[in-house]
1. Mind checking which residues of the range 217-230 are touching a Lys or Arg at 6+ places or on another chain (Cβ under 8 Å) and touching a residue at least 60 places away in the same chain (Cβ under 8 Å)?
2. For the range 146-183, what are the residues that are part of a helix (DSSP H, G or I), touching a helix residue (DSSP H, G or I) at 6+ places or on another chain (Cβ under 8 Å) and closer than 24 Å to Ala236 by Cα?
3. Working carefully through the options Ile219, Ile173, Ile189, Ile214, find the one that is touching a Ser or Thr at 6+ places or on another chain (Cβ under 6 Å) and hydrophobic (A, V, I, L, M, F, W, C).
4. Please enumerate the residues belonging to the range 13-39 that are farther than 18 Å from Lys293 by Cβ and either free of Cβ contacts under 8 Å to residues at least 60 places away in the same chain or touching a Gly at 6+ places or on another chain (Cβ under 8 Å) (or both).
5. Could you look through the range 133-153, keep only residues that are hydroxyl-bearing (Ser, Thr, Tyr) and over 24 Å from Lys201 (Cβ atoms), and pick out the one that is surrounded by the most Cβ atoms within 10 Å (Cβ to Cβ)?
6. Looking at the range 319-331, which of its residues are out of contact with any Gly (no Cβ under 6 Å at 6 or more places or on another chain) and within 27 Å of Ala183 (Cβ to Cβ)?
7. Evaluate the following for Lys254: is it surrounded by fewer than 19 Cβ atoms within 10 Å (Cβ to Cβ), farther than 19 Å from Ile189 by Cβ and touching an Asp or Glu at 6+ places or on another chain (Cβ under 6 Å)?
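The values are calculated or read from the model by the stated rules, or taken from the named source; none is laboratory data. Treat the numbers as computed from the prediction; the structure is a model and nothing was measured. Methodologically, a virtual Cβ is constructed for each residue, glycine included, from the backbone with ideal geometry; neighbour enumeration extends over all protein chains shown.
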Amino acid sequence: MIKKAKIYVDYPSYIKTSNGTKCLYELIAYLESNNFLVVKIRRKSTILSKIKENLKIFSSTELNLLFRDFKPSTDWFLACDTTPPSILSYLRKKSFKVIWWQLAPYQFLGSSKLPAPGEYNLSFSSFCNPNAQKFFYYQPKIDSEWTNSLVKTESIINKKRKVFCIYTGKGRIVKLPENIRKALAQSEIKLITRIKPESRKEYFDFLVNSKGLISFDEISQTNLEAASLGLPVFIANKCFPSSSLENFPISDLKNRITSSSNKFLSMVNKEKFIPYKADYLEKYNELTFLDIKNILNNTDTSSKKLNKKNITDFKIFSNYLKRKNTILPIVNSGQAPSSLFINTYIKNIGNRYIYHLICIFINQLDNLGLIFDKLKLIRIIERIFIFILIEKIYLLPWQIIYLNLKKFENLIYVNSKKNQAVFNSLKALKNYLKKALRRYN
């Protein structure tokens, strides 16, 4: 069969925790299965290439070679908010067709990119663009761990649970309402971050066995996954307008996610939400990809080019979100500086005085981090912080103890028949320290 239009794609590295990269990878696979020729432009990760991107230095010879077979009448470039500015500048000078699948609000999560008038924009959801007339929502294929958890939750729906989950995500850690703090102080708390737990199974086990999620990140897949299992979700630091949740394609979410502490606790104590079915979560997938295919085939006449007002609306929405100052993914694998002290925060959640002091401290820490980020110094500061506080102050004493235990273990091993209990205890402690140290190396 003859190949259709060529689709040039800014091809990101696969990140298993990124819902956005999963969406792009599954769209590319769909397009290839429908006889599109997809040209994958892989990003260079060298320091020199990043400097060139930031300075907008690029080789026209290299780009001419890359796009030499581009046919303006039929071919497209599929862009995202991390597409190198050098490529965008080149495409715009050539008046090539550019289409964006907007998976997040523009200029909000660290990128400064924006579409230009004359280009096309496909908004993922109401959280990306509240002014969009149509959404191109897609739920990446639900994996076995999620599917099994949906089934398991339904089987234990009447089970009384005593655990709350707290999710840090990309959000700033803020002071919780007093009624929620009281509920947490009387319960066990499981912590979920962008890097822990490491396995999907453990992550879903936390959610399945909890009675509610407190989330500091309003724009996170974790909120959807928790709500899909029937958990009430409390948004601790609201950022988006209410219309974003009300108009979200998965319409029932607004009944399970709230920023009202009273409503959240009422749902925890009274409601028993039925877990969603996988086909309900994926119900827009086929239609979304079909619509995108028709646009790329140049058979959809309803899609309109962006104009200056559309670009202004993107900026207005982005500025509105940034003024809220609630999402700050600048350190610790895309988290806020305050997340570095989340364990201390949780430990003292029942101590009103200490908790209040901690909240003041982490708020100022986030403000300081924001300043360093604007000065482009945050990565240097983060590395110094990790080197001094973790590698030298915290880890070094434990490393010394671990090495001495190894020596002591060898001495006791000689007389292991007489000291078997001591030997086993030391061995268990050594293995625990070894496991703990490996987490930070």
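1. Here is the first cut: in the range 217-230, the residues touching a Lys or Arg at 6+ places or on another chain (Cβ under 8 Å) are 217-220, 227, 230.
The answer is Asp217, Glu218, Ile219, Gly230.
2. To start, the set of residues in the range 146-183 that are part of a helix (DSSP H, G or I) comprises 146-155, 178-183.
Then keep just the ones that are touching a helix residue (DSSP H, G or I) at 6+ places or on another chain (Cβ under 8 Å); that gives 146-150, 152-153, 179-181, 183.
Listed by number, the residues that qualify are Asn179, Ile180, Arg181, Ala183.
3. Going through Ile219, Ile173, Ile189, Ile214 in turn, the sole match is Ile173.
4. Ser13, Tyr14, Ile15, Lys16, Ser18, Thr21
5. Applying the filter and picking the extreme gives Tyr138.
6. Lys324, Asn325, Leu328 - these are the residues of the range 319-331 that are out of contact with any Gly (no Cβ under 6 Å at 6 or more places or on another chain) and within 27 Å of Ala183 (Cβ to Cβ).
7. Yes; evaluated as a whole, the condition is true for this residue.
To keep it simple, each residue is scored yes or no on (1) crowded, with 18+ Cβ neighbours inside 10 Å; (2) of a type in the set (Val, Ile, Thr); (3) under 23 Å from the mean Cα position of the chain (by Cα).
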{"site": "Ser210", "(1), (2), (3)": "yes, no, yes"}
{"site": "Gln221", "(1), (2), (3)": "no, no, yes"}
{"site": "Asn262", "(1), (2), (3)": "no, no, no"}
{"site": "Tyr276", "(1), (2), (3)": "yes, no, yes"}
{"site": "Glu282", "(1), (2), (3)": "no, no, yes"}
{"site": "Asn297", "(1), (2), (3)": "no, no, no"}
